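Reading through the C-alpha cells given below for one structure.
Readers should treat all values here as calculations from the given coordinates under stated rules, not as data from a laboratory. All figures in this text were calculated on a predicted structure; none of them were measured in a lab. Counting neighbours? That spans all protein chains shown, and the Cβs are built from the backbone with ideal geometry, glycine included.
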Amino acid sequence: MSRPVRLTVNGAPASFDVEDRTTLLDALRDELGLTGTHAGCEQGACGACSVLLDGEIVRSCLLLAVQAGGRTVTTIEAVGSPGRLHPVQEALRRHHGLQCGYCTPGVVLTAIDLLERVADPDEEEVREALAGNLCRCTGYAGLVDAVLAAARDAGPGR
Amino acid sequence: MPRTEDARLLTGLGRYLADHDVAGLHHVAFARSTLAHADIAGIDVAAAATLDGVVAVVTAADLRAAGARPLSHRLAPPYQPLSWELLAVDRVRHVGEPVVAVVAASRAVAEDAVELLDIDYRELPPVVGPAAAMAPGAPLLYPEWGTNEFVHLEGSTAGVEEALAAAPHRLQESFESHRVIGLPLEAHGAQGSWDPARGQLTLISSAQQPHQLRSVVAEACGLREAAVRVISPDMGGGFGNKQHFTREECLVGMLAIMTGRPLRWSADRTEALTASVHSRPQVHHVDAGFDDRGRVVALRVAVTSDLGHPVLYFSGIGPSLVTVGALSGGYAFPEVGWSLSAVATTTCPVGAYRGFGQPQAHLSTERVLDRIAQRLGVDPLDVRRANLLPAEPRPWRTYSGGLVDCGDLHAMVDTLVAEFGYHEWRHRQAEARSAGRHLGVGLSTLVQGTAPNQHDTAARFGSLETAMVTVLPDATVTVAVGTKSQGQGHETVFAQIAADALGVGPEAVTVADGDTGRLPYGQGTWGSRSTVMGGGAVVTACRRLRARMAAIAAHLGLTLPEEGPVDADVLAAVAATAWWVQHRLPPGVEPGLSTTVTYTPGRTNPSADGLQNHDETYSSHMTAVAVEVDPATGSVTVLDALCVSDCGVVVNPTLVEGQHQGAFAQGLGNVLWEEVRYSPDGQPLCATLLDYTIPSSLDVPRLRVVHQPTPSATAGGFRGVGEAGLIALPAAMVGAVEDALSPLGVRLNSTRLHPPAIRAAVRATGWRPDPAAWAAAGLEDRRR
C-alpha cells in the first residue's frame, strides 16, 4: 500500500507516494531522480547513501521514506555544481580525494557536516568523522588532505 | 593536473549503472542456491508467476527453449571439460548459484516473487577447501571427471632436482594466501534493452571489458556480435571483480529479448559478497636450496589452488597460471620448478582481483628470502641484493619464458634504503626491543609483469589496444579508447598523453571509453595494462596525425614542429583545410584528421621452446614497511611505509600516487581484516560489510611514494602501476610482523595477520602475556 509523503528536498517542496517499506534512498533516487545518492551496501555500513536530514548526516538506506515526511533533506545535488564547486568539493578535486567517485557524494556531505560542527579539525578528527564512509579506491590519504585543506582555507571564524 | 572526470563525480552527476532509468524499466532478481551442493528435484513457480507486477519467471528450461546457449571455459585438455547454462540445471554447486530469474515492475516485487518460489533441493555433501576436495572418497562436483582436480600441470628448468640435491642448505615450508574479494563499492549489474525491429540488443554493464563482454553475450544469446552493443558507464570500482563475463550479464540480455522490456539487474551487497568472484586461495609447498651467501640455487613450488565452483567464462584458472609463471619475480633464481593442482570446491567461483595470481607467488619468494636470512643470521636486505637480477642483460629471460625489461633493481634498493631510512629503522627496532616492544621491518622487492595476456589459454584476451584520435574542424580533439576506466582517471591520463603528443592543451581533448559502438574492438582494463596499451595506442595515433598535420602545414606554407606545442592558428588552419578544403592538401595525404590505431608492443608471442613471455613490459616497486605488534592482543600498527616505484614514464604523478595509496589500503585490508570465510557445510559467513570488514579512514596510514622511472620500450615508455601495491604489501606485511615477533620465535606462514591469527601464532611459541592484556584482547574480539 502506498501513502503520500511531503517533505523539503534541496530547498524545494517535494512529494511522492511510496510503499511503507520504501527506503529514503530508493525514494530519492526513484521518485525524485536524485541519483547522486548511491546504494553501496543497503546495510548501513558503507556511508555511500549519506544525506543530511534536518541538517544531520544520516544513512538514507536505513531510513524509510515515510520517516522523512515533513522534514528537510539535503542531497549532493544541492552542493555545488560542475562549474562552481563547493570548497570541500574543490579540495577533494585538488587533493585527488576521489577515484571512482561512488563514495564521494557521501564523503562530501559528511565532510561538510564535520566542518559545520568543528571549525578547525585536526587529522584525527577528520579521520574519525570519515570513518563511516568506506572508500575502496583512494586509501583515504587524498581524502583526509582535502578535508584538512578545506577547513584551513575556510579560515578562522567559520 | 586535477582530473577532468572529477567535476561530475563530485556533484552527484556521475552516471553509474543504476542511474540509467528509462520508460518502462523492469527489474530482475535471482533465486540463488541456498545450499552448497544439492540436486534440484523440482521448481514450483506458480505463486511467484501470479504475483501482481511479475512479468516473467524464468528457469534454465525456459532459457533453453528461448535459444540461450551454454557458456564454457573454452579450455582444451588437460583441463577438465566444463560448460554451464546461464541458470543451474538439475544441480547446484555453490551457495549463490543462480537458479531462477524473475522479471517484475519493481525490484521489491521481483524480490517478493523470489521469496514465493518453491525450489525443492536434495542436499548433497559439500566440498569446502582443497584438502576436502582431494581426500579419498570425496564427493565429486562433476562425477564425469572422476576427481575434483580441474587440472594438474607441471613445469621445470632442466636442473632443479640436481641443484636442490647439491644445495648447501635446504628450506621446506608451506605458505598460504587466504580467500578475499575485490569488493568494488558499486556492486556489479547490467541493464538490457532489445530493439526487435533492428534486432539489436543494448547492454549497459558495469564491466571492465565491454568488447569481450559483447563477444560472450552475443554467443550466449545466439546473436551476431554486430547485433549487440555493450556500454560500460561510469564505474564504481572494478578491481578485477567486474572482469569476468558473468552468467547474470548474459541473463539480462536473454531476459530483455524474451520479455521485450528494458530491464536491470543491480546486485545487492550480499549477492556481491557471496555470489560474484572471490580471489587468492592458494597453498604453496616450497622447497628451496641456497648457498652460504643466501643465493637461491633452486626453487620448487607445489601450488594447490582452490578454484571454487569454476564456472567463470575465462576460467578461474587464470590467476593460478600467472602464479606458477611468476615465482622468480625480480630474482635471478637459476633453477625453478613448479606444479599446479587446481581444485574445484562447492564455494563461490574464484577469479580475478587486482594482482591476479602475482601476490601469491610474491608471498612465497619473499618469505623464502626472509627465511634464508633467518637461517643464515644475515640482513634480509642483503639476501635480496644477493638474488636480485643483475643490471644486465635486458631482457632477462625467466624460467617461464618471461622477458623482463625492468630497470636497475639494485639502484632502486639503494634508494629504498636511503629514503625509508632502513638502517635507522633497524636501530629503532633494537632500541624498542631492549624496551620490551616489538617493532619489525618487512621488505618487498617486486618486479611485476604488466599488460599481460594468456594467448591460447584464457580465450579472447588479446594483447592489443585500439584508439581513435580525431582533430575536429575547430581544432578540438576526441579520443576513443578500448580500455575502460573504473575510477583510475583515464579521461585525464589519455587527454594528457594525446595533448602532449599533438602539441595542444589537455583541455582541448575529450576522452571516451567503454562503448563498443565507438571502436571496432578493445581489450578493456585489467592487468595494469591501460596506460601501457591504451596509452601506446593513443600516442601512436597522435604521432600519425601529427605527421599528417605537419605535411599539411608545410604545404600551406606554415610551420608545425615535430615536437612541442603547436601554434593555435596553425592548427586551426590545418584542421579546417584537412576537413573542408581537400584541393589544398599535399598530394598523397589522406584527407581529414582522424585515425584509428590498433597497437601491440608485440613482445608476448610464444617462442620456439614453447614458453611465452606473458607480459608486454615489467614495472618494479621496492617497498618497506615498519610495524609495531602487540603480542598480547595481536594488534598491528603500521609505523611507516615507503615504495620506490618504477612504472616507466609517469604521465600524471598524482594519479600514480593515487594508485599506490589505494592498492596499499587494499593490501592492508587483505592481511589485517579481510577474509571470506565459509562454514564447514559450505555456507558463506561473510554476507555484509559488517562481517567482511574493509579498511576505513581510521585504519590506513599514508604510504610514501618515490618515483625512479625507467622508460620502457613500448610506445610512450609506460610500464603500468595499478596492481603493484597490492602484490607487494601482503608479503611485506607478513615479513614485518614476523620480524617484529621474531624474538618470541613466531613464524607466520599465511597472509592472515588478523589479531586472532597473530595471537594463535604467539601462543604456539609458548609465550604467555600478561593476563590484563588478554582481558583487553577478549574485549577487542567481541567488538569485532
Inset, instruction - Restrict the check to segment B:270-277 and report whether at least one residue is touching a residue at least 24 places away in the same chain (Cβ under 8 Å) and either touching a helix residue (DSSP H, G or I) at 6+ places or on another chain (Cβ under 8 Å) or more than 26 Å from residue A:136 (Cβ to Cβ) (or both). - result: no
Legend entry - Leading residue by the ranking (nearest to residue B:92 (Cα to Cα)) among those in segment B:230-246 that are buried (at least 22 other Cβ atoms within 10 Å of the Cβ) and more than 14 Å from chain A (Cβ to nearest Cβ): B:246
Legend entry - Of the criteria (1) more than 7 Å from chain B (Cβ to nearest Cβ); (2) surrounded by fewer than 22 Cβ atoms within 10 Å (Cβ to Cβ); (3) in a loop (DSSP other than H, G, I, E, B), which one residue A:43 fails: (1)
Inset, instruction - Restricting attention to segment B:1-59, report how many residues are away from chain A (no Cβ under 14 Å) and in a helix (DSSP H, G or I). - result: 4
Inset, instruction - For residue B:328, work out the one condition from (1) outside any loop (DSSP other than H, G, I, E, B); (2) touching a residue at least 40 places away in the same chain (Cβ under 8 Å); (3) not charged (D, E, K, R) it doesn't fulfil. - result: (1)
Inset, instruction - Scan segment B:51-68 and give yes if some residue there is more than 23 Å from residue B:460 (Cα to Cα) and in contact with a Pro (Cβ under 6 Å, 6 or more places away or on another chain), otherwise no. - result: no
Inset, instruction - Of the numbered conditions (1) surrounded by fewer than 23 Cβ atoms within 10 Å (Cβ to Cβ); (2) within 18 Å of residue B:629 (Cβ to Cβ), residue B:691 fails exactly one; give the number of that condition. - result: (2)
Legend entry - Unmet criterion (only one of (1) over 17 Å from residue A:40 (Cα atoms); (2) more than 7 Å from chain B (Cβ to nearest Cβ)) for residue A:82: (2)
Inset, instruction - Scan segment A:53-74 and give yes if some residue there is touching a residue at least 40 places away in the same chain (Cβ under 8 Å), within 10 Å of another protein chain (Cβ to nearest Cβ) and assigned to a loop (DSSP other than H, G, I, E, B), otherwise no. - result: no
Legend entry - Hits in segment B:269-288 - residues which are touching a strand residue (DSSP E or B) at 6+ places or on another chain (Cβ under 8 Å) and charged (D, E, K, R): B:271, B:280, B:287
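Residue by residue, here is whether (1) out of contact with any Asp or Glu (no Cβ under 8 Å at 6 or more places or on another chain); (2) surrounded by 13 or more Cβ atoms within 10 Å (Cβ to Cβ); (3) not basic (Lys, Arg) holds:
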{"position": "B:520", "(1), (2), (3)": "yes, no, yes"}
{"position": "B:525", "(1), (2), (3)": "yes, yes, yes"}
{"position": "B:550", "(1), (2), (3)": "no, yes, yes"}
{"position": "B:555", "(1), (2), (3)": "yes, yes, yes"}
{"position": "B:559", "(1), (2), (3)": "no, no, yes"}
{"position": "B:580", "(1), (2), (3)": "yes, no, yes"}
{"position": "B:588", "(1), (2), (3)": "yes, no, yes"}
Inset, instruction - Output yes when any residue across segment B:653-664 is surrounded by fewer than 19 Cβ atoms within 10 Å (Cβ to Cβ) and either among the aromatic types (Phe, Trp, Tyr) or under 27 Å from residue B:237 (Cα atoms) (or both), and no when none is. - result: yes
Inset, instruction - Scan segment A:7-17 residue by residue and report those that are buried (at least 22 other Cβ atoms within 10 Å of the Cβ) and within 11 Å of chain B (Cβ to nearest Cβ). - result: none
Inset, instruction - Could you please find all residues in segment B:263-298 being over 21 Å from the mean Cα position of the chain (by Cα), hydrophobic (A, V, I, L, M, F, W, C) and more than 30 Å from residue B:380 (Cα to Cα)? - result: B:263, B:265
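Wholly within segment B:593-691, which strands (runs of 3 or more DSSP E) include no fewer than the required count, namely at least 2 residues that are of a type in the set (Lys, Arg) and without any contact (Cβ under 8 Å) to a residue 12 or more places away in the chain?
No strands (runs of 3 or more DSSP E) qualify here.
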Legend entry - Unique residue being of a type in the set (Asp, Glu) and part of a strand (DSSP E or B) when the list is A:30, A:17: A:17
Legend entry - Sole residue being closer than 15 Å to residue B:32 by Cβ and hydrophobic (A, V, I, L, M, F, W, C), chosen from B:283, B:277, B:252: B:277
Inset, instruction - Return a yes/no flag: does segment B:94-109 have any residue that is out of contact with any helix residue (DSSP H, G or I) (no Cβ under 9 Å at 6 or more places or on another chain), closer than 25 Å to residue B:347 by Cβ and not basic (Lys, Arg). - result: no
Legend entry - Where residue A:3 falls short, out of the listed (1) within 15 Å of the chain's Cα centre (by Cα); (2) more than 13 Å from chain B (Cβ to nearest Cβ); (3) of a type in the set (D, E, K, R): (1)
Legend entry - Tally of residues being over 23 Å from residue B:429 (Cβ atoms), part of a helix (DSSP H, G or I) and among the β-branched types (Val, Ile, Thr) across segment B:714-762: 1
Inset, instruction - Read through the list (1) touching a His at 6+ places or on another chain (Cβ under 8 Å); (2) closer than 24 Å to residue B:740 by Cα; (3) touching a residue at least 40 places away in the same chain (Cβ under 8 Å), then give the number of the only condition that residue B:416 fails. - result: (1)
Inset, instruction - For segment B:174-193, indicate whether the set of residues that are farther than 30 Å from residue B:210 by Cβ, surrounded by 15 or more Cβ atoms within 10 Å (Cβ to Cβ) and aliphatic (A, V, I, L, M) is non-empty. - result: no
Legend entry - Qualifying residue in segment B:223-232 (condition: small (Gly, Ala, Ser), in contact with a Lys or Arg (Cβ under 7 Å, 6 or more places away or on another chain) and under 24 Å from residue B:269 (Cβ atoms)): yes
Legend entry - So residue B:156, is it small (Gly, Ala, Ser), in contact (Cβ under 8 Å) with a residue 24 or more places away in the chain and surrounded by fewer than 16 Cβ atoms within 10 Å (Cβ to Cβ): yes
Inset, instruction - Filter segment B:207-229 for residues that are in contact with a Cys (Cβ under 9 Å, 6 or more places away or on another chain) and farther than 19 Å from residue B:240 by Cβ and give the result. - result: B:217, B:219, B:220, B:221, B:227, B:228
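Is it the case that segment B:629-648 has a residue that's within 22 Å of the chain's Cα centre (by Cα), buried (at least 20 other Cβ atoms within 10 Å of the Cβ) and within 14 Å of chain A (Cβ to nearest Cβ)?
Going residue by residue through segment B:629-648, those that are within 22 Å of the chain's Cα centre (by Cα) are B:643-648.
Filter once more, so that each one left must be buried (at least 20 other Cβ atoms within 10 Å of the Cβ): B:643-648.
When the remaining residues are screened for being within 14 Å of chain A (Cβ to nearest Cβ), the result is B:643.
Looking for residues that are within 22 Å of the chain's Cα centre (by Cα), buried (at least 20 other Cβ atoms within 10 Å of the Cβ) and within 14 Å of chain A (Cβ to nearest Cβ), one finds at least one in segment B:629-648, hence yes.
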Legend entry - Members of segment B:694-730 that are crowded, with 18+ Cβ neighbours inside 10 Å, more than 12 Å from chain A (Cβ to nearest Cβ) and among the small types (Gly, Ala, Ser): B:712, B:715, B:716, B:717, B:720, B:724, B:728
